[in-house]
Each structure stands twice: as C-alpha cells, then as structure tokens.
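The values are calculated or read from the model by the stated rules, or taken from the named source; none is laboratory data. Since the structure is predicted, the reported quantities are computational estimates derived from the model, not experimental observations. Cβ sites come from the backbone with ideal geometry, for glycine too, and all protein chains shown count toward neighbours.
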Amino acid sequence: MTIEVARLDLDEDATLEAVVALQRAAYRVEADLLGVRTLPALTETPAQLHAAGEMFLGAFEGERLVGAVSWRREGSLMEIHRLVVDPGEFRRGIGSSLLSALDAAEPGATRTIVATGAANPPARRLYERHGFTPYDRRMAAGGVPIVTYERRSEA
C-alpha cells in the first residue's frame, strides 16, 4: 500500500489521540535504544502535545497513521521537534517520506536542526542520509547523550 503524507489538525481529538499513541510506541523503542526507562514524550498528555504549538505532518497507510513529524519555523530556521514512526512499520521509508514532505512544505528554510539520542543509530542514519551533519553534543536529563544535527541550504 502507498504512504500518503498530509497536514495533521491536532484540534481533532481523534487525530490528537492517534499522534499520542504513535509517539508513545515510537519513543518506547528509542528509550530502549538509549537504555533509559522513560523519555518526556512517553508521558506527554494529549493536552500537553496540543499546547506545544508545533505544526504536524502525518504519514498514512490508508486511514491508519503510521508516522508523524512536527516542527516550528522562525524566519528561515526550521526546528524539527519530533519524528516518529510506528515500530511495526520501520524500514519502509516512512521517515524519509516525512522529511521530504517537510522540505516541500517549508521551501524557504535555509537552516534545519534536529536532535536525537547519540545511541539511536537508525535516527542518526536517517538524518545523515537527508544531508544533516552533527554540530553539537550535550547531555540531557538523566545523563542521556544527545546529538544535534543541522542542514543548511540555499533559499
């Protein structure tokens, strides 16, 4: 089946609940990769996600949400806040489809940044395949090493 990407409206309760469920499943896998018990996204409530003020694209297989990416844009800077894929759908190109759709939705962004756990090789490979390069490392709460990536482009 074909993956379709579309904007998500988190004002719709069913959409909001679907994104929360998807992110909990995806971030549970990341928490395991990072060797931690929890991550903030695992306990985020629908109200907290809605209040985050991020824009969302969703990847659908038929009616089923199988991936999502969220971001904020300020001028020419785009910051990706979350990219999640249903663990049962890994390695099908959904993350790549979401990043490509995001680029198409925000053509004027000349700098894009995203962060992921240093011990998350699948996410790191995905970003590197899409032209991102590491530019910063830091320790997050709980001693989790984080790598921040950036990609620069001409407008």
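Test ARG72 against the criterion of being over 15 Å from TYR27 (Cβ atoms), outside any loop (DSSP other than H, G, I, E, B), in contact with a Gly (Cβ under 9 Å, 6 or more places away or on another chain) and free of Cβ contacts under 8 Å to residues at least 24 places away in the same chain, and give yes or no. When the stated conditions are applied, ARG72 passes them.
Yes or no: LEU49 modelled with pLDDT of 95 or more, buried (at least 19 other Cβ atoms within 10 Å of the Cβ) and within 14 Å of the chain's Cα centre (by Cα)? When the stated conditions are applied, LEU49 does not pass them.
Put simply, of GLY88, GLY58, GLY62, GLY35 the only residue that is more than 19 Å from PHE132 (Cβ to Cβ), touching a Lys or Arg at 6+ places or on another chain (Cβ under 8 Å) and of a type outside the set (A, V, I, L, M, F, W, C) is GLY58. Scanning the range 88-139 for residues that are in a strand (DSSP E or B) and touching a residue at least 12 places away in the same chain (Cβ under 8 Å) yields a count of 12. Taking PHE60 as the residue in question, decide whether it is touching a residue at least 24 places away in the same chain (Cβ under 8 Å), among the aromatic types (Phe, Trp, Tyr) and in contact with a Leu (Cβ under 6 Å, 6 or more places away or on another chain). For PHE60, the condition - touching a residue at least 24 places away in the same chain (Cβ under 8 Å), among the aromatic types (Phe, Trp, Tyr) and in contact with a Leu (Cβ under 6 Å, 6 or more places away or on another chain) - is not met. Can you confirm whether LEU16 is within 16 Å of the chain's Cα centre (by Cα), surrounded by fewer than 18 Cβ atoms within 10 Å (Cβ to Cβ) and free of Cβ contacts under 8 Å to residues at least 60 places away in the same chain? No; evaluated as a whole, the condition is false for this residue. For the range 1-25, taking the residues that are part of a helix (DSSP H, G or I) and either at pLDDT below 90 or of a type in the set (D, E, K, R) (or both), the one that is nearest to HIS81 (Cα to Cα) is identified as ARG24.
Among the residues of this structure, LEU39 does not count as one that is touching a residue at least 12 places away in the same chain (Cβ under 8 Å), in contact with a Gly (Cβ under 6 Å, 6 or more places away or on another chain), crowded, with 20+ Cβ neighbours inside 10 Å and not hydroxyl-bearing (Ser, Thr, Tyr). Select, from ARG72, ARG28, ARG111, the only residue that is of a type in the set (Lys, Arg) and touching a His at 6+ places or on another chain (Cβ under 9 Å). Selected residue: ARG72, the only one of ARG72, ARG28, ARG111 that is of a type in the set (Lys, Arg) and touching a His at 6+ places or on another chain (Cβ under 9 Å). Flag: PHE60 matches the condition of being under 30 Å from ALA14 (Cβ atoms), surrounded by 13 or more Cβ atoms within 10 Å (Cβ to Cβ) and modelled with pLDDT of 90 or more.
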